[in-house]
Amino acid sequence: MKFKILLILSLFLSVQNLTAQEDNFGDPILTGWDFGMNFGYYFPSAFHAKFYDGSAENVNNINYIFNNKYYRDEIRNSLNSSDTFFISAMPQKMRYTGAFMIGLYFRRTYDKYFGFSVQFNYSKLHANDFFQIEVDPYYILTEPDLRIFPIWGIEERVNIDLNFSKYFHAHNEILVPFLEAGININSTRVKENMIQINDLKYSLVNVYLNGTYVPGASQTQYHIQQGGVGWGVSAGGGLKLVFSEAVSIDPGFSVYYQKINLEHYEQFRPGITFYIRLSLTGFFNSYE
């Protein structure tokens, strides 16, 4: 987090150096509306990924599978266990992998390069780790039979950023630095939370509510919706590469401090995105 704060401060200082000796270059930016498409990577906090680690305090926990007699019989057969088995280690490093991000961007620029922008970015996030099972333990001097299996979660997350933004004069009409800061609204939807043991796959989401899985029984399965709307703040910036009065390529980054609505993990944590934006300057001007 300290590195991200220093990165933002460095950007501010760079902008001040660029604007200290402002020359009478032409104005490369049209006032009015911009429309853009964002392409990049989103790196969310690993803290929220712990929602998927199957621990006993989680709403989706691995005991839901291992405490069910019928699931245990299936697992025992798959493990070729002659006696017993148990979980000997739970996930310790559950985290998200960096996810591709795509989105839309709208900006209204006023005089003196001040503006207001809104962007909608979508990412499909994968959280991954492993747990360990010990099979047929013997209390003699033999090596334990330890087996590692995957556990994962998949979610869809939309980040909506409502930002105030500012372009800055520079010593080059083609290179225009900018800063953005504002409010983040996010929506998270859990798609799955699963484990795999050999060829067996189990969902940790209890679709039977107060019931449990019984093979062959007539049981009602419910649609369980997990996740919800959260919020936070964002700040970032980048460089607008102006190729014409209508088109620019804008590489940049955004730092988030977000509350993600995942049960028991609603605390604020940082995240970051890196993106390249294809921006069409004055896109709506002809309609005004």
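The values are calculated or read from the model by the stated rules, or taken from the named source; none is laboratory data. Remember, predicted model here, so these are calculated numbers, not experimental data. Backbone-built Cβ (ideal geometry, glycine too); neighbour counts: all protein chains shown.
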* Structure fact -> Selection from region 188-203 of residues farther than 18 Å from A127 by Cβ and exposed (fewer than 15 other Cβ atoms within 10 Å of the Cβ) yields N198, D199
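Need a quick list: strands (runs of 3 or more DSSP E) entirely within region 72-189 having at least 1 residues that are more than 20 Å from I276 (Cβ to Cβ) and among the aliphatic types (A, V, I, L, M).
Per the criteria, 85-89, 114-135, 145-167.
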* To do: Pull up region 157-178, narrow it to residues that are of a type outside the set (S, T, N, Q) and buried (at least 18 other Cβ atoms within 10 Å of the Cβ), then point me to the one that is nearest to the chain's Cα centre (by Cα).
  => R157
* Residue count, region 41-80 (criterion: at positive phi and within 21 Å of the chain's Cα centre (by Cα)) -> 1
* Structure fact -> The condition of being under 24 Å from S203 (Cβ atoms) and in contact (Cβ under 8 Å) with a residue 24 or more places away in the chain holds, among D129, D136, D161, only for D129
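Within region 34-71, take every residue that is part of a strand (DSSP E or B) and among the hydrophobic types (A, V, I, L, M, F, W, C) and give me the one that is modelled with the lowest pLDDT.
Ranking the qualifying residues of region 34-71, first place goes to F35.
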* Asked: Any residue at all in region 19-30 that is modelled with pLDDT of 95 or more and surrounded by fewer than 19 Cβ atoms within 10 Å (Cβ to Cβ)?
  -> no
* **Residues within region 103-137 that are among the hydroxyl-bearing types (S, T, Y) and surrounded by 21 or more Cβ atoms within 10 Å (Cβ to Cβ), tallied** => 3
* Of the numbered conditions (1) closer than 30 Å to V233 by Cα; (2) surrounded by fewer than 19 Cβ atoms within 10 Å (Cβ to Cβ); (3) at pLDDT below 95, A181 fails exactly one; give the number of that condition. => (3)
* To do: Would you point out the residue of region 204-219, among those that are touching a residue at least 24 places away in the same chain (Cβ under 8 Å) and hydroxyl-bearing (S, T, Y), that is surrounded by the most Cβ atoms within 10 Å (Cβ to Cβ)?
  => Y213
